[in-house]
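S.K.: Take this structure first; my questions come after.
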Amino acid sequence: LSLVYQPQVDLTTSEVVGVEALLRWHHPEKGLIPPSIFIPLAESSGLISSIGQWVIEEACMQCKQWVDLGFHNITIAVNVSPIQFRRSNMVNIVLNALSKSELLGKHLELELTESLFLDHSTDLEHTLVELNKANINFSIDDFGTGYSNLGYLKNSKIKILKIDQSFIQKIQENSQDRAIVVAIIQMARSLNMITIAEGVECDSTLAVIKDLGCDIGQGYFWSPPLSSGELQEFIKENRNLSQYC
Ligand code: C2E
Ligand code: CA
Ligand code: CA
């Protein structure tokens, strides 16, 4: 297993403000197996808890290196499966990963899914409260594709909505997709939340989401997921460029 990293770019300053860690599995015979195949297998076999723990530890260690290299504002976003979130002791795992790596909590963002909020659990609220005390951020991944009861957005610990790529990719030709994105951005604003557009592939899409007031973008337009070395180079180059903008 290894991690690759995809940059997230501030749409006003063009600076890299975050990185999403994405898991890769290189099978010795079958080659690269996509996470859409192996994550569900790991979830049903129970392996997701130990894999998820490794991802959090590795991501924290990597982010600490970038902070030490001078990228002081960088955050690392880690995908957390709802099954992993419910079954493992997330508070211990995350706080240990932070202390082992000496990364400050403000650099870590946990990507949750809407389905996690399907049942009202005091355990979930307790976990969010404890992790929030360590300044860890929470985002909702694939926002708009899942659960339709939005009541959980009143939870002030959730600060970021990641607008699913299915709405972003057809935003120019499909007026319904566009209307949904407009509504998500307006709602996020009134709730004091940040929006990230996922799956931005071309400059015309970028122009639309910028115009609509989206905060951050992620997608092949800037870069595919990269190795840690490549990501480091990407941030350096991007810095030099944004100095001249
Ligand atoms: P996701 O969290 O929605 O991640 C975004 C996916 O979109 C990634 O696919 C990324 O490579 C891809 N992507 C990024 N930019 C573009 C773009 O411009 N166009 C298109 N078409 N795709 C783009 P990936 O890496 O194959 O991951 C698929 C899913 O697997 C992720 O979706 C996430 O749900 C899951 N996943 C990946 N890593 C982990 C992990 O460490 N833990 C857990 N629980 N799930 C993970
Ligand atoms: Ca994600
Ligand atoms: Ca997503």
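We did not get these values from a lab; they are worked out from the coordinates using the rules stated. Computed from a predicted structure; not experimentally measured. Glycine gets a Cβ as well: all are built from the backbone with ideal geometry, and neighbour counts include every protein chain shown.
S.K.: Can you tell me which of (1) within 16 Å of ligand 3 (Cβ to nearest atom); (2) closer than 22 Å to VAL129 by Cα; (3) of a type outside the set (Gly, Ala, Ser) is the one LEU103 doesn't meet?
M.R.: (1)
S.K.: Of the numbered conditions (1) closer than 15 Å to ASP10 by Cα; (2) in contact with an Asp or Glu (Cβ under 9 Å, 6 or more places away or on another chain), GLN169 fails exactly one; give the number of that condition.
M.R.: GLN169 satisfies every listed condition except (1).
S.K.: Same structure, new question: So if I check each of GLN186, GLN218, which one is over 24 Å from LEU98 (Cα atoms) and within 16 Å of ligand 1 (Cβ to nearest atom)?
M.R.: Result of the check over GLN186, GLN218: GLN218.
S.K.: Mind checking which residues of the stretch 64-92 are within 14 Å of ligand 1 (Cβ to nearest atom), over 15 Å from VAL129 (Cα atoms), out of contact with any Cys (no Cβ under 7 Å at 6 or more places or on another chain) and of a type in the set (A, V, I, L, M, F, W, C)?
M.R.: The answer is ALA77, VAL78, VAL80, ILE83.
S.K.: If you don't mind, there's one more thing I want to ask. Kindly indicate which of VAL94, VAL80 is within 21 Å of ASN149 (Cα to Cα), surrounded by 21 or more Cβ atoms within 10 Å (Cβ to Cβ) and β-branched (Val, Ile, Thr).
M.R.: Among VAL94, VAL80, only VAL80 is within 21 Å of ASN149 (Cα to Cα), surrounded by 21 or more Cβ atoms within 10 Å (Cβ to Cβ) and β-branched (Val, Ile, Thr).
S.K.: Let me ask something else. Tell me which residues, restricted to the stretch 132-191, are farther than 18 Å from GLU109 by Cα, within 16 Å of ligand 3 (Cβ to nearest atom), small (Gly, Ala, Ser) and without any contact (Cβ under 8 Å) to a residue 40 or more places away in the chain.
M.R.: GLY146, SER166, listed by residue number.
S.K.: Under 8 Å between Cβ atoms, which residue pairs at least 6 apart in sequence (or on different chains) link something in the stretch 96-116 that is more than 16 Å from ASN137 (Cβ to Cβ) with a partner that is among the polar types (S, T, N, Q)?
M.R.: Filtered contacts from the stretch 96-116: GLU114/THR145.
S.K.: Pairs under 6 Å by beta carbon, first residue without any contact (Cβ under 8 Å) to a residue 60 or more places away in the chain in the stretch 27-54, partner among the polar types (S, T, N, Q) and part of a loop (DSSP other than H, G, I, E, B), six or more apart or different chains?
M.R.: GLU43/SER81; ILE48/SER81; SER49/SER88
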